[in-house]
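Taking it in order: structure first as structure tokens, then the write-up.
Quick note: the coordinates plus some simple rules give every number you see, no bench work behind them. Quantities reported herein were computed from a predicted structural model and do not represent experimental measurements. Using ideal geometry, Cβ is built from the backbone for each residue, glycine included, and neighbour counts are taken over all protein chains shown.
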């Protein structure tokens, strides 16, 4: 068996969607939340903490592709939910393409998780990937009309090999919708302050 754990052939769940991401200061984030609630948004799931460990190759190709907006591109991570009693590990791939974004999610056991974090993960596009950065935050979930909306707060970043943590004072709002919906109308319905968040 190869030293690099390759789970590409295991069964995964796959979804297709488009996303709009907004970066707002805390006050505007609060105003946004109040706006959608007043318009009839409902809480979809209870708020929870999320921890993600992102992987990249030695050339930081995943990060560079994200910054440059290259298509297609991938983000590969292991996600956990620290506050939940039954701890699970999800190996996730977010694939951005001209048609939209695909997200595959594979539930893995502790043994597989430990092997990936220790030895790395082999991806057909990027080669051998190693653990790079932790991202932790608190997420709220809402449903408004045909949209799924998440609001991320208390966002912290820490490089895997360092103990220092950087806290982001901004909130990140993500609006998910079906590819057949009119993206311009959706943007105008919420805000025209659109930016890429990586």
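Tell me the label-point distance for the pair residue 99, residue 178, using the 7 Å Cα-to-Cβ offset, in nm and rounded to one decimal.
Computed distance between label sites residue 99 and residue 178 equals 1.6 nm.
Run the numbers for residue 68 and residue 154: contour at 0.36 nm per residue of separation, minus the present Cα-Cα distance, in nm. Intermediate results must be reported in sequence, preceding the final value.
Numbers: separation 86, 0.36 × 86 = 30.96 nm, distance 2.60 nm.
Fully extending the segment from residue 68 to residue 154 adds 28.4 nm.
Obtain the nm distance between the two label points defined at residue 143 and residue 19 by a simple spin-label model: each point lies 7 Å from its Cα along the Cα-to-C-beta direction.
2.0 nm
At 0.36 nm per residue, minus the direct Cα-Cα distance, what do residue 47 and residue 134 gain on full extension? Give it in nm, one decimal, please. If you can, show how the numbers build up before the last one.
Numbers: separation 87, 0.36 × 87 = 31.32 nm, distance 1.98 nm.
Full extension of this stretch gives 29.3 nm more.
How much FRET efficiency would the formula 1/(1 + (r/R0)^6) give for residue 39 and residue 84, where r is the Cβ-Cβ distance and R0 is 25 Å, rounded to 0.05? Intermediate results must be reported in sequence, preceding the final value.
On the way: r = 31 Å, r/R0 = 1.22.
My answer for the efficiency is 0.25.
Using a simple spin-label model with points 7 Å from Cα along the Cα→Cβ vector, what separation in nm is obtained for residue 107 and residue 167?
In this crude spin-label approximation the distance works out to 3.4 nm.
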